[in-house]
Amino acid sequence: MGVERYIVSEETREKIRTGRRVIAVGTTTVRALESAALGGFRPGWQETDLFITPGFEFRVISGLLTNFHLPKSSLLILVSAFGGRERVLEAYREAVKERYRFYSFGDAMLLFPAGVP
């Protein structure tokens, strides 16, 4: 997993502090917001090399909108860490069956944390 640069605006930090549901659009957003939370939401540009794997404790994200990632990719591991391995595999089986498109210009899915119906 490479290093990514990000900035979290004061407006976004304030909205997160309200405790409302946060739906991340894309895995980069997940990494940025979770890294920001781990770093105390410092202002200005930051970098993250956060590698999210199963067992990671999500502090900010309550939903994730993302495309279907390629098999054996680090992004699929992140998605599985959030949505639960079995639930994500089930979604992928359905995507293959229905001929969804994968990767950057593919179909998308909305996930909620494992254990949330």
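The values are calculated or read from the model by the stated rules, or taken from the named source; none is laboratory data. Every value quoted in this text rests on a predicted model; they were computed, and no experiment measured them. FYI the Cβ positions are ideal-geometry reconstructions off the backbone, even for glycines, and counts take in every protein chain you see.
For region 72-108, give me the residue count where each residue is among the aliphatic types (A, V, I, L, M) and more than 20 Å from Ile23 (Cα to Cα).
3
Is it the case that region 47-59 has a residue that's over 15 Å from the mean Cα position of the chain (by Cα) and at pLDDT 90 or above?
Yes: one or more hits.
Going by the structure shown, is Arg93 surrounded by 11 or more Cβ atoms within 10 Å (Cβ to Cβ), assigned to a helix (DSSP H, G or I) and either at pLDDT 90 or above or not small (Gly, Ala, Ser) (or both)?
no
Just checking: which of the strands (runs of 3 or more DSSP E) contained wholly in region 1-84 hold 3 or more residues that are surrounded by 14 or more Cβ atoms within 10 Å (Cβ to Cβ) and touching a residue at least 40 places away in the same chain (Cβ under 8 Å)?
63-67
If I filter region 17-46 down to residues being among the hydroxyl-bearing types (Ser, Thr, Tyr) and within 14 Å of the chain's Cα centre (by Cα), which single residue comes out as farthest from Gly106 (Cα to Cα)? Step through it out loud before you land on a result.
Here is the first cut: in region 17-46, the residues among the hydroxyl-bearing types (Ser, Thr, Tyr) are 18, 27-29, 35.
Within this subset, residues satisfying the condition of being within 14 Å of the chain's Cα centre (by Cα) are 27-29, 35.
Working: Thr27: 14, Thr28: 17, Thr29: 18, Ser35: 26 Å.
Of everything passing the filter in region 17-46, Ser35 is farthest from Gly106 (Cα to Cα).
Taking region 70-108, which residues are farther than 22 Å from Thr28 by Cβ and hydrophobic (A, V, I, L, M, F, W, C)?
Matches in region 70-108: Leu89, Val96.
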